[in-house]
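J.: Please find one structure pasted underneath; my questions will follow.
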Amino acid sequence: MKTALTSLVLAGLVAACGSSMQPPTDRLASTDAAIRSARELGAQSDPQAALHLKLADEQMAQARTLMKDGDNKRADLVLQRASSDAELAVMMTKERNAKADADKAKQHLNQNKDQSTLINQPMGH
């Protein structure tokens, strides 16, 4: 009986410790900012980035629910995943935009090279 009571008290203390964590409002704000950045960069137009953005949105909603229910520790973990997905969406979008800019620059360079070749050709040939 004494062992059962001790176990019950310990279980209560463990539960109390888990719920005593402060709400992860800083992580919530930084994750929200990362999601906003991904949207502003156009992550929705890249299929892979859009998937990670969607995951981040879903995890953000889940974290808000967990926080409302007082499960701040689990909310913090879910926000860590959401932040990672949002940052991945940002990086994928930046990479796609950089590749598009490089392709445009290469195309522009090739056009200028072709025009230069035409101008420098001798007349009558």
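The values are calculated or read from the model by the stated rules, or taken from the named source; none is laboratory data. Keep in mind the model is a prediction, meaning the values are calculated, not measured. Here the Cβ is made from the backbone with ideal geometry for all residues, glycine too, and neighbour counts use every protein chain on show. Each accessible area value is taken on the protein alone, full model and side chains, heavy atoms only, with ligands, DNA and RNA left out. Shrake-Rupley method; radii C 1.70, N 1.55, O 1.52, S 1.80 Å.
J.: Hey, what's region 55-102 come to in accessible area per residue, 1.4 Å probe, Å²?
T.: With the other protein chains kept in place, region 55-102 gives 56 Å² per residue.
J.: I've got another one for you. Among Leu66, Leu55, Ala38, whose Cα projects farthest towards the positive end of the dipole of region 24-125, with charges put on the beta-carbon of Lys, Arg (+1) and Asp, Glu (-1)?
T.: Final value for the positive-end residue is Ala38.
J.: Would you list which aspartates and glutamates come within 20 Å of Lys106, measuring only between C-alpha atoms, while excluding same-chain residues fewer than 8 positions from it?
T.: Glu95, Asp114
J.: Give me the net charge for the shell around Leu41: Cβ to Cβ below 12 angstrom, other residues only, Lys and Arg +1, Asp and Glu -1.
T.: Around Leu41, the charge tally is 0.
J.: Something else about it: Full extension from Leu51 to Ala29: what is 0.36 nm times the residue separation minus their Cα-Cα distance, to one decimal in nm?
T.: The span from Leu51 to Ala29 would gain 5.8 nm if fully extended.
J.: How much net charge surrounds Ala63 when only other residues with a Cβ under 13 Å from its Cβ are counted (Lys, Arg +1; Asp, Glu -1)?
T.: Around Ala63, the surrounding residues sum to -2.
J.: Cross-link partners among lysines for Lys104, C-alpha distance below 24 Å, same-chain residues fewer than 8 apart left out?
T.: List returned: Lys94, Lys113.
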